[in-house]
Structures are given as C-alpha cells and as structure tokens.
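J.: Here it is: the structure, laid out below.
The values are calculated or read from the model by the stated rules, or taken from the named source; none is laboratory data. The structure presented is a predicted model; accordingly, all values stated were derived computationally and were not measured. As a convention, Cβ positions derive from the backbone with ideal geometry for all residues, glycine included, and neighbour counts pool all protein chains shown. Just the protein is used for accessible areas: all its heavy atoms, side chains included, with ligands, DNA and RNA removed. Shrake-Rupley method; radii C 1.70, N 1.55, O 1.52, S 1.80 Å.
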Amino acid sequence: NHDSWNDWGRYPPCTLTDMLTRYLDISSPPSQELLNILSSQAVKTEEKFKIKRLVNVRKFEVLDIKIKANTRIFDEWKNDGKPTILDVLKQFSSIQLTPAFLISQLPLLLPRYYSISSSLDAAPGEIHVTADVLEYQTPDGIKHQGVCSNWLNNLEIGEEIYCNVRKAPLFHLPNDQSVPIIMVGPGTGIAPFRGFWMQRKADIEHELTSRNKRNHSFGEMYLYFGCHNTTADNIYRDEIRQCEKEKILTKCFFAFSREPGIKKTYVQDLIKRNGRDIYKMIVKENGHFYICGSIQMASDVKKMLRHVIQSWGKKSESQVDEYIDKMKDENRLHEDIFGIAVKKLKERTKTAELKQNRTPRMSFFKET
C-alpha cells in the first residue's frame with residue numbers, strides 16, 4: 001500500500017540507478033559492521049564462516065565453533081584488494097540481497113574536499129582545483145579509479161557540477177603582510193599555496209598601481225614543494241619560476257623522490273637542511289608556517305620543525321612544546337591535512353543518521 005509509505009529522508013526521491021551512482025558509496029571496502037550484516041544474507045555456511053572471520057568481534061559462533069577475530073585479518077583483506085561491494089558479492093556468491101537492503105545498508109557517498117588553488121582577486125568569478133587523477137592496481141591485478149577525480153577528468157568543458165565552498169577560517173595569508181611565511185606542500189598539497197602566491201601577486205600589483213611604486217612591507221615567501229621528478233608531476237614549474245623571477249616568491253625549494261641520478265629527497269629533508277633560515281623566520285621574525293598534504297607527511301614535517309626549533313634554538317623538549325603551542329595560539333602554525341575532514345564527516349554523518357535517520361546535504365565533489 002503506497003499510501004502508507006513515508007519519506008525516509010536519507011536522500012530525495014529518485015531511481016535505484018540514481019541512488020547507486022550519486023548517493024551511495026559502492027566503491028569503498030565494506031566496513032566490518034556491514035560485513036557482519038552481509039554474513040547473515042549468505043546461504044552457504046562456508047561463505048558465512050569466511051565472512052565472519054573478517055568481522056572484528058571478540059567471539060562469535062558458527063556451527064558451535066568459537067573463533068577469535070582481530071583487525072589484522074580484516075585490514076589485510078581490505079588493504080590488499082580494496083574490495084568494493086561488487087567484489088564482495090563476487091567473492092561470496094551465495095549472498096542474496098534485495099534492492100531494499102542495498103539502499104538501506106550501504107553507506108552514503110561522502111563529499112570530496114579539494115583545496116582551492118586560486119585567488120578571486122587574481123581570477124574573478126573562478127575557482128581553480130588542483131587534483132590528482134587517482135588510478136591504481138591492487139596486488140590481485142584489479143584496477144581501481146578514484147571516484148571524483150576521474151569523474152572530473154571526464155567532464156566536458158561547459159558542463160555544470162554540484163559543489164559547495166567550505167571555508168577554512170584559519171588557513172589564510174597573515175593579516176600582517178610584512179611577516180615571512182613558509183609553505184610546505186608536496187604533490188597536490190601545493191594547491192592552496194598557488195592561491196597564496198596569486199593573491200600576493202595581486203596585492204603587489206595593487207600597491208604598484210595605487211602608489212606607483214613597490215611597497216616593501218611584503219614579507220618573504222618561501223615554498224617547499226615535493227614531487228616524484230621534474231617532468232612527471234612538477235605541474236606548476238613554469239608558474240613558480242615566473243613568480244621567483246618577479247620576486248613574488250622569495251625562493252622555492254624542490255624535493256624529488258624519484259629523480260634519476262639524484263638521491264631521494266623529501267620536503268622534511270630540505271627543512272632540516274635550511275634549519276637556520278627557518279628558525280630565523282619562524283622564531284626570531286614570528287613568521288607563519290603552513291603545511292598542506294597527507295597526514296603522514298604533515299607528521300614528519302612537524303617533527304622536523306620541532307627538531308629545527310630545538311637544535312637551532314638550543315631548547316629543551318618542554319620549551320619546544322611551549323613554543324609550538326604558542327604558534328598555534330597565535331595562529332602561526334596552519335595545517336590543511338588530507339583525510340582528517342573526511343574522517344570527521346563520517347563520524348558526524350553516522351551520528352546524525354542514528355539520531356535523526358537523516359544526513360546533511362552533500363556536494364557532488366567526491367573522491368576515494
């Protein structure tokens with residue numbers, strides 16, 4: 001009786017095709033919670049048993065056999081093959097699912113956030129995005145593609161997309177333009193810093209236009225950029241060189257991890273090498289330090305920053321802790337870290353669904 005149906009509120013009324021292509025996450029490995037539910041839908045006892053081994057519970061019973069499971073088994077299974085829900089259904093073919101099960105149990109496809117790599121003053125009415133088209137092959141030979149990056153890559157010029165802009169109130173150029181800034185961004189972590197140097201160039205040009213001379217109040221701007229090699233992914237090389245030539249960027253340091261004939265180098269290695277200058281800019285001149293990129297990279301860079309402050313400032317561990325806290329309090333240590341926002345959004349989404357059986361509206365920017 002359709003008259004007795006109620007709006008669930010999880011997504012707007014749409015076809016099953018729309019649900020699977022626009023609203024539900026069918027590309028990420030299923031969680032242990034979902035696997036536990038899927039095990040109940042398996043007809044074959046052997047497959048039910050195998051799925052249960054992947055579930056992170058202390059004890060469960062299958063045919064009166066008690067088995068202790070741990071996350072290692074699940075993590076190996078998830079990381080080795082990156083299996084999607086379709087892969088799981090192929091691997092355990094006796095699982096019998098209905099459309100109602102899929103639309104109620106599959107997780108929602110979360111928005112993918114990209115750092116804006118442009119400045120409105122330099123490019124009015126435009127938003128630039130720096131994205132890596134994600135494609136990789138797992139050890140089992142299966143090829144995978146990033147959801148959003150490949151979707152964006154296949155769009156035709158002029159097509160409209162669903163997106164929204166989320167503010168980052170603590171990640172911006174200093175209000176005092178005279179202080180030095182250090183920007184660390186390997187790979188696509190360079191994205192917000194392109195916006196920074198575009199804004200700095202626009203500010204300098206404005207000063208030249210308004211006063212007919214350069215205002216020397218602009219602080220030094222150093223960029224530490226890491227990539228594989230000079231030809232493959234040094235995407236803004238020419239733009240960076242021009243900014244150095246025009247004195248927009250004071251200096252750019254490149255770290256190449258796969259450059260033929262050159263020792264593997266990462267951005268934290270360059271920070272250590274230039275420790276004295278970094279200590280002067282950050283500690284003595286109250287400069288700002290920016291990091292954009294992966295969680296692991298950010299952790300390594302912050303450890304090296306601590307090392308620089310401790311060694312060149314001859315400070316104790318506790319004194320370094322105090323100074324890092326001081327930088328955070330003064331908003332001089334800025335981080336734009338990949339992965340954290342999605343993790344927090346997953347937690348908020350799950351909480352909201354449990355409380356209200358609803359989720360917040362999401363953009364159509366998505367990436368695996």
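J.: Answer yes or no: is there a residue in the range 209-222 that is free of Cβ contacts under 8 Å to residues at least 60 places away in the same chain, in a strand (DSSP E or B) and closer than 21 Å to Leu120 by Cβ.
T.: Checked against the condition, which is being free of Cβ contacts under 8 Å to residues at least 60 places away in the same chain, in a strand (DSSP E or B) and closer than 21 Å to Leu120 by Cβ, the range 209-222 yields at least one hit.
J.: State all residues of the range 115-163 that are modelled with pLDDT under 90 and within 30 Å of Ile204 (Cα to Cα); if no residue qualifies, say none.
T.: Ala131
Yes/no per residue for (1) within 22 Å of Phe171 (Cβ to Cβ); (2) of a type in the set (Ser, Thr, Tyr); (3) in contact with a strand residue (DSSP E or B) (Cβ under 6 Å, 6 or more places away or on another chain); (4) assigned to a helix (DSSP H, G or I):
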residue: Lys247; (1), (2), (3), (4): no, no, no, no
residue: Asp277; (1), (2), (3), (4): no, no, no, yes
residue: Arg306; (1), (2), (3), (4): yes, no, no, yes
residue: Trp312; (1), (2), (3), (4): no, no, no, yes
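J.: Turning to a different aspect of this structure: Just to be sure I understand, how many residues within the range 249-275 are out of contact with any Leu (no Cβ under 7 Å at 6 or more places or on another chain), part of a helix (DSSP H, G or I) and not small (Gly, Ala, Ser)?
T.: 6
J.: For residues in the range 238-275 being more than 25 Å from the chain's Cα centre (by Cα) and of a type in the set (A, V, I, L, M, F, W, C), which is modelled with the lowest pLDDT?
T.: Across the range 238-275, the extreme among qualifying residues is Ile262.
J.: Specify which of the listed residues (Glu33, Glu61, Glu46) is modelled with pLDDT under 90, charged (D, E, K, R) and open to solvent by 50 Å² or more (accessible area, probe 1.4 Å).
T.: Unique residue meeting the criteria: Glu61.
J.: Checking the condition open to solvent by 20 Å² or more (accessible area, probe 1.4 Å), in contact (Cβ under 8 Å) with a residue 40 or more places away in the chain, closer than 26 Å to Ser294 by Cα and in the same structural domain as Asn286 (by the TED database), which residue from Gly187, Gly195, Gly226 passes?
T.: The match here is Gly187.
J.: Restricting attention to the range 139-148, does a residue exist that is buried (at least 18 other Cβ atoms within 10 Å of the Cβ) and either in a helix (DSSP H, G or I) or free of Cβ contacts under 8 Å to residues at least 12 places away in the same chain (or both)?
T.: yes
J.: Within the range 76-90, is there a residue that is over 14 Å from Ser28 (Cα atoms) and at pLDDT below 90?
T.: Yes, the range 76-90 contains a residue that is over 14 Å from Ser28 (Cα atoms) and at pLDDT below 90.
J.: Quick check on this structure: which one of Ile26, Ile95, Ile73 is at pLDDT 95 or above and surrounded by 11 or more Cβ atoms within 10 Å (Cβ to Cβ)?
T.: Only one candidate qualifies: Ile95.
J.: Going by the conditions given, is Asp321 within 21 Å of His172 (Cα to Cα), of a type in the set (Asp, Glu) and modelled with pLDDT of 95 or more?
T.: Taking the combined requirement at face value, the residue does not satisfy it.
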